[in-house]
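The values are calculated or read from the model by the stated rules, or taken from the named source; none is laboratory data. Everything numeric here is computed off the predicted structure, so don't read it as measured data. Cβ: placed from backbone, ideal geometry, glycine included. Neighbour counts: every protein chain shown. Note: areas computed on protein heavy atoms with side chains; ligands, DNA, RNA excluded. Shrake-Rupley method; radii C 1.70, N 1.55, O 1.52, S 1.80 Å.
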Amino acid sequence: MAVLDQGPPHYKKMLPPIVQENYGQWKYHEIPSPGVLKHVSENGAALYSVRVATPRLVSIDFIRDVCVIADQYCDGFLRWTTRNNIEFLVSDEGKVNPLLAELEAKGLRVGGTGHSISNIVHTQGWVHCHTPATDASGVVKAVMDDLYEYFNTMKLPAKLKMGLACCLNMCGAAHCSDIAIVGVHRTPPRINHEVIRKGTEIPSLVASCPTGAIRPDPKNKSVIVNEDKCMYCGNCYTMSPAMEIYDPKNDGIAILIGGKTSNARTAPSFSRMVIPFLPNTAPRWPETTEAIRKIVELWIANARKGERVGEWVERIGWEKFFSMAELPFSDMLIDDYIFSRETFRTSASFKY
Amino acid sequence: MARGPADPEVKAKVLEYLGKVQKAKSRDVAVAIGATKSDVDNAVKELTAEDLVEYLYITTTFICLKGKVQTPS
Amino acid sequence: MTEKKTPLLDELEKGKWPSFVTEIKRAAVKSEAAGELLQVLERSYNERRGHWKHGGIVGVRGYGGGVIGRYVDEPQTYPNVAEFHTIRLLQPSGWFYNTKALRTICDIWEKHGSGLTNMHGSTGDIILLGCKTEHIQPIFDEFSEAGFDLGGSGSCLRTPNCCVGPGRCEHACYDTLEACYNITNEFMDELHRPMWPYKSKIKFSGCANDCTSSIARSDCSVIGTWRDTLRIDQDAVKEYVAKKFDIQEMVCDKCPTRCLTFNASTQELSVVGEDCTRCMHCINMMPKAIRAGKEKGATILIGGKSTIVQSAFMSWVIVPFMKMETEDDFEPFKDLMRRIWEWWDENGKSRERIGETIYRLGMTKFLQGIDVPPVPQMVFRPRANPYVFWNQDDLDRSGTALDGSKL
């Protein structure tokens, strides 16, 4: 019989000796080269963390491979970051360059520190999610291939944190990212009445709709969707496979920018929509990669040193951003949901 | 959730109530049998360990007698 | 093993970024399910739609979560992924691992599952992607034997997570690794046995840089801070000057409250402590010269969540400062969480996150319900409307009789 409620493995067993010895005693850190952090403790001990990209979706063979490297260079210790990168924890300075050489030889990518783009936090997409409007891993792969030069260098104005959510539910903190890629459904679910009659529990289905758009249709022993109220979230599909929400012709991607979660300088902020729709051009989403590259390059060319995307846009003004980015502005970008009013310009001063 | 062993009487009432319905939320069970929700939660904890009751997640969490609600085919 | 072609997915093996397709192919060498996943995914790439269904009823004895049922929509075509469930395991604090622990995970998962994982899920768990229903209990039994436990799913406390904290960061204002470990263990019932209106998340960040993005993605954000004044090492300031670092432009001019002054002639940096809002900018810029004060703790914020249903919320302050130094200091936090969850459990509607419940019923009712006094740090600015709900006590205290006497 399994032990219940034993909780997570104790982190202390997972800490390399240098971390145990200098726990809470770290004094400062430097970034000697892109992807390498050097943390120095009060007593002068130095820990090097070598950051390596992962696709997040990894096989056990990959994990075993990185274990072999960690055994050889890090006394068998490593960690993952909040953004799904690996950090090899090296306490012997002499092993840093050999490790970098081995990583290079094995094709593992080092970077993601300081003023660079880190890994894109993302969701499951077509690999595993039941309501995706786009793939997750594939879009991330395409975008990161395109922006790779900003991963292994630190030449951006500030750090660039991106997120991808594969449907409007926006799992994965895409809503507060410098650049957010969001899968969007744009059409209400299609009801397969036969499947509903065969065994869907109608009260649960009705209750599953967050906007109350679904109501029972006793005559047909099925349900009716008030399409004006539907916001395409796909919750109903979770309840019943009869509520098909996917729509290959109309599903796609929206781009939101300017969010952040750090409190540094300015309060944390939401990402704001700048492109309401881009097509799902699998397998490499060229429209999406191009749109993001344009925004990133515009930011690089115009931001002041240290300004994150949202800080830059807020300084120049969103109206200015749209003209500089040559992005069309439309009614789709004006909020008409619950908290819309706070986004309306209640001031007579603005730019053109 | 209440600490310590569950009240056998509450456990019996939970089983009896779940016998009458397909599935229920523990709050509704508590109201129906006149117990506090934390006592019901504690009883359910033991009943699931005894393999008599199970949790369901259908957009929110329900409880039911073990095996009573089938996996969607 | 399948020999079928995947021309679209093969395109995603090109380029410099590591490829998830390569990873699925590696798993497919040993796992028929992983091979079939590749086929399903190639079809999704052709048809531009997903092929997975959500199902509710898979679990292990004694728990109400930790496993997420997943089924392919054409089980006859793809029998090996007809059931392809996800298992969540509680990760060690800060995602630190020794290789022995990692190999144990790999070995058990190789025996029972697809060999595919997410390191890690958005909430923080170790995610094991794809196994059959009959394997779930054996998988849990073996992981349990090896010292691992299931994470949260359903209407429960989801797996808490934390930043790297004092393990490797000079900014940590409290021990995020220990707080996460200790508090996760305290709330095992709440995590494994769903009993609430909906999910509830806690994230621990050691400072206001908030590397776990707790303010955006957790119902309760515990963000490290300090209460006294930040400390400046003037010798280290001079070293920055010597290295041509522009303190005026990069630090003072970007300080949101302009509380820092750099004297170019003396090369000294000074701070007006009471004006500082502890945003972390100057410390980020000059880690060798500026550090947090000595009286450290955490700010507790409540209500963060993503977009569904009533828009995304960011957590807001309910306790400006709470000490978090020792295990005893965790007790008031645990008590607070219990009061908060109890209030939400009593007042929340099904599928309503706590932020939405508070928004619907009002902060006043919430604060009264959890017995926390209102303080100005809770709001950016006070209300602009006069629609106050007065209660009888307030009326008795503030009303006056017509002759001017107290009531």
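Between the C-alpha center of region A:70-102 and that of region A:276-310 there is a gap of 32 Å. Give the Rg/Rh ratio for region A:304-352, taking Rg as the radius of gyration of the Cα atoms and Rh as the Kirkwood radius, to two decimals. My calculation puts Rg/Rh at 0.99. Rolling a 1.4 Å probe over the heavy atoms of the protein chains gives region A:65-196 an accessible area of 27 Å² per residue.
Shown here for region A:282-352: GluC sites (Glu not before Pro) in loop regions (DSSP other than H, G, I, E, B) with at most 16 other Cβ atoms within 10 Å, namely A:E326. By definition, a body whose alpha carbon gyration tensor gives a ≥ b ≥ c is oblate when a/c is 1.5 or more and a/b is not larger than b/c, and region C:304-354 fits this oblate description.
Over all directions, the projected convex hull of the C-alpha atoms in chain A averages 23.3 nm² in area. Under the simplified labelling scheme, the B:E50-C:D253 pair shows an inter-label distance of 7.3 nm, with each label point 7 Å from Cα along Cα→Cβ.
Here the relative contact order of region C:231-291, from alpha carbon pairs under 8 Å that lie six or more residues apart, stands at 43 percent.
Note down the net charge around A:P9, summing +1 for each Lys or Arg and -1 for each Asp or Glu among other residues with Cβ under 12 Å from its Cβ. Charge balance near A:P9 sits at +2.
Across 10 Å bins from 0, what is the distribution of all Cα-Cα pair distances for region C:7-145, in whole percents? Going from the shortest bin to the longest, the percentages are 11, 39, 36, 12, 1. For C:K349, the aspartates and glutamates whose Cα comes closer than 16 Å to its Cα, not counting residues fewer than 8 places off in the same chain, are B:D28, C:D219. Report, in whole Å, the centroid distance computed from the Cα atoms of region A:1-28 and region C:290-343. Centre-to-centre (Cα) distance: 23 Å.
Model label sites at C:T266 and C:D335, defined 7 Å from Cα along the beta-carbon direction, differ in position by 4.6 nm. When the other protein chains are added to the chain by itself, burial of at least 50 square angstrom of heavy-atom accessible area (probe 1.4 Å, ligands and nucleic acids ignored) affects these residues of region A:261-287: A:T261, A:N263, A:R265, A:F270, A:P283, A:R284. Taking the Cα centre of the protein assembly as shown as reference, the dipole from Cβ charges on Lys and Arg (+1) and Asp and Glu (-1) amounts to some 1360 debye. Panel note: contact residues of region C:22-45 (accessible area lowered by at least 10 Å² against the chain on its own; 1.4 Å probe) correspond to C:E23, C:I24, C:R26, C:K30, C:L37, C:L41, C:S44, C:Y45.
The tail of the calculated P(r) for region A:213-352, taken as Cα-Cα distances beyond 18 Å, holds 68 percent of the pairs.
The label-point distance for C:H135 and B:K20, in a model that sets each label 7 Å from Cα toward Cβ, rounds to 4.3 nm. Largest first, the extents of the alpha carbon coordinates of region A:149-247 on the three principal axes equal 64, 21, 19 Å. Using the rule -39500 (n - 2.57) for each DSSP H run of four or more residues, divided by the residues of chain A, the 222 nm mean residue ellipticity is -7000 deg cm²/dmol. Solvent-accessible area lost on pairing A with C (1.4 Å probe, both sides summed) amounts to about 10400 Å². Looking at region B:8-65, the accessible area is 42 square angstrom per residue; that uses a 1.4 Å probe and ignores ligands, DNA and RNA. Here the Debye sum runs over all C-alpha atoms of region C:279-407 as equal scatterers in vacuum, and log10 of I(q)/I(0) at q = 0.12, 0.16 Å⁻¹ comes out as -0.68, -1.00.
Accessible surface of region C:80-210, 1.4 Å probe: 46 percent of it comes from carbon and sulfur atoms. Accessible surface of chain A, 1.4 Å probe: 52 percent of it comes from carbon and sulfur atoms. Per the Debye calculation on region B:8-65 with a single equal scatterer at every Cα and no solvent contribution, log₁₀ I(q)/I(0) for q = 0.13, 0.16, 0.30 Å⁻¹ amounts to -0.25, -0.38, -1.45. The trypsin sites (Lys or Arg not before Pro) of region A:224-299 that DSSP puts in a loop, and whose beta carbon has at most 15 other beta carbons within 10 Å, are A:K229, A:K249. Across the alpha-carbon atoms of chain C, the computed radius of gyration and Dmax are 26.1, 96 angstrom. Look at the stretch C:114-127: the mean tally of other chain Cβ atoms within 10 Å of its residues' Cβ atoms is 6. Accessible area buried by the pairing of B and C, both sides summed with a 1.4 Å probe, works out to roughly 2000 Å².
Counted as membrane-span-like here are DSSP H helices of chain C whose alpha-carbon atoms extend 27 Å or more along the helix's own axis and whose Kyte-Doolittle mean is 1.0 or above; there are none. Its relative contact order, with pairs defined as Cα atoms under 8 Å and 6+ residues apart, puts chain C at 11 percent. For region A:1-65, what does the alpha-carbon gyration tensor say about shape, rounded, prolate or oblate, given a ≥ b ≥ c as the root eigenvalues, a/c under 1.5 as rounded, and a/b over b/c as prolate? Judged from the Cα gyration tensor, region A:1-65 comes out oblate (a/c at least 1.5, b/c at or above a/b).
Other residues lying with their Cβ under 13 Å from the Cβ of C:A82 contribute a combined charge of -3, Lys and Arg counting +1, Asp and Glu -1. Taking 16 Å as the straight-line reach from the Cα of C:K201, the lysines in range (excluding those fewer than 8 positions away in the same chain) are C:K305, C:K334. The mean accessible area for residues of region C:231-291, using a 1.4 Å probe and ignoring ligands and nucleic acids, is 52 Å² per residue. Averaged over the residues of peptide C:189-202, the number of Cβ atoms from other protein chains lying within 10 Å of each residue's Cβ is 5.
Using C-alpha pairs under 8 Å with a sequence gap of at least 6, the mean separation divided by the residue count of region B:6-73 gives a relative contact order of 35 percent. Sorting A:191-201, C:143-153 by their mean Cβ neighbour count within 10 Å, with the most densely packed peptide first, gives C:143-153, A:191-201.
When the Cα gyration tensor is reduced to axis lengths a ≥ b ≥ c, the ratio a/c stays below 1.5 for the protein assembly as shown, which is therefore classed as rounded. Legend: calculated FRET efficiency, C:D73 to A:A45, from the Cβ-Cβ distance at R0 = 51 Å, rounded to 0.05, equals 0.40.
Mean residue ellipticity at 222 nm, helices only, chain C: -9500 deg cm²/dmol; runs of at least 4 DSSP H residues each add -39,500 (n - 2.57), and the sum is divided by the number of residues. With the charge dipole of chain C set up from +1 on Lys and Arg Cβ and -1 on Asp and Glu Cβ about the Cα centre, the Cα lying farthest toward the positive end among the listed residues C:M324, C:V272, C:S19 is that of C:S19. Shielding by partners for peptide A:245-255, expressed as the average number of C-beta atoms from other protein chains within 10 Å of each residue's C-beta, is 2.
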